[in-house]
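Worksheet: the structure to be examined is printed underneath.
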Amino acid sequence: GGIPLSPLQPQAVTVIGLGSAGCRMLAAVNDAVDRVDPDPAFSSVAIDSRAQDLERLAPAGATSIHLEPPTTLFTKDRAEAGYLDESVELPPGGGTARQRALGRYYVDNAENVDSVVNGLAEVLDEGSEQLEDPSDTHHVWLLSSLGGGTGSGLVPLIAGLVDALSVYVGSTVIG
């Protein structure tokens, strides 16, 4: 007897891989889900700031969101954003060069924020459409390492965006 330690099984799950390590973890999760019990209520999203890593690491079937280097407004935004000091530089070829503040900035700027919000909203909405009953749960899992720049810089921001979007699509955020 006793009370179960885990909540009820979710009826829909979206797993989001952030950065190169998060995309690698996402690929492993996708492989396990496909191997054990493919489920139409399972969706995945890969988000990275290096196009070649995203293309190489994102699992087949995942929605991929490439974060373009936000070059147009960088100098202006660096002067205004309290978290972008003079040491933060945009590396040639994309990526963050292990700069967490830059990982955050890849979404927290006027050039990229709309595409990220719209991409996440679409995937979360599709996942919530799989729910048979409004009281069913749609869990969202975020995967990232803390050793690089893109994923570790994005985790708090993406968690906040998913939480804000969950009001509209009925998701439960799990980190």
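Read-outs throughout are calculated quantities, based only on the coordinates presented, and are distinct from any laboratory measurement. Keep in mind it's a predicted model, so treat the numbers as computed, not measured. A quick note on method: Cβ atoms are made from the backbone with ideal geometry, for glycine too, and the neighbour counts reach across all protein chains shown.
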Next on the checklist: Between ASN118 and GLU55, what is 0.36 nm times their sequence separation minus the Cα-Cα distance? Round to one decimal in nm.
Outcome noted: 20.7 nm
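Only Lys, Arg, Asp and Glu count, each charged at its Cβ (+1, +1, -1, -1), so figure out the dipole size of the chain about its Cα centre, rounded to 20 debye.
Working: 9 positive and 24 negative charges, 144 e Å.
Using only the charged Cβ atoms, the result is roughly 700 debye.
Can you compute the helix-only [θ] at 222 nm over the chain? Use -39500 (n - 2.57) per DSSP H run of at least 4 residues, normalise by all residues, nearest 500 deg cm²/dmol. Present the calculation step by step, with values, prior to reporting the outcome.
Details: 6 runs with 75 residues, N = 175.
Rounded to the nearest 500, the figure is -13500 deg cm²/dmol.
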Checklist entry - Full extension from ALA79 to VAL167: what is 0.36 nm times the residue separation minus their Cα-Cα distance, to one decimal in nm? => result 28.3 nm
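Tell me, what are the semi-axes, in whole angstrom and largest first, of the equivalent ellipsoid of region 25-84 as set by the roots of 5 times the Cα gyration tensor eigenvalues? The partial results should precede the final answer.
Numbers: eigenvalues 228, 26, 15 Å².
Over the Cα atoms of region 25-84, the semi-axes work out to 34, 11, 9 Å.
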Checklist outcome for this item: Over the Cα atoms of the chain the radius of gyration and the largest Cα-Cα distance (Dmax), both in Å, equal 16.9, 61
Item to check | Cα→Cβ-extended label distance, 7 Å offset, between THR72 and VAL33, nm | outcome: 3.4
Item to check | Selection from LEU90, HIS66, GLY160, by position along the positive dipole direction of region 53-175 (Cβ) | outcome: LEU90
Next on the checklist: If I take every Cα pair under 8 Å that is 6 or more residues apart in the chain, average their sequence separation and divide by the length, what percent do I get for the relative contact order?
Outcome noted: 30
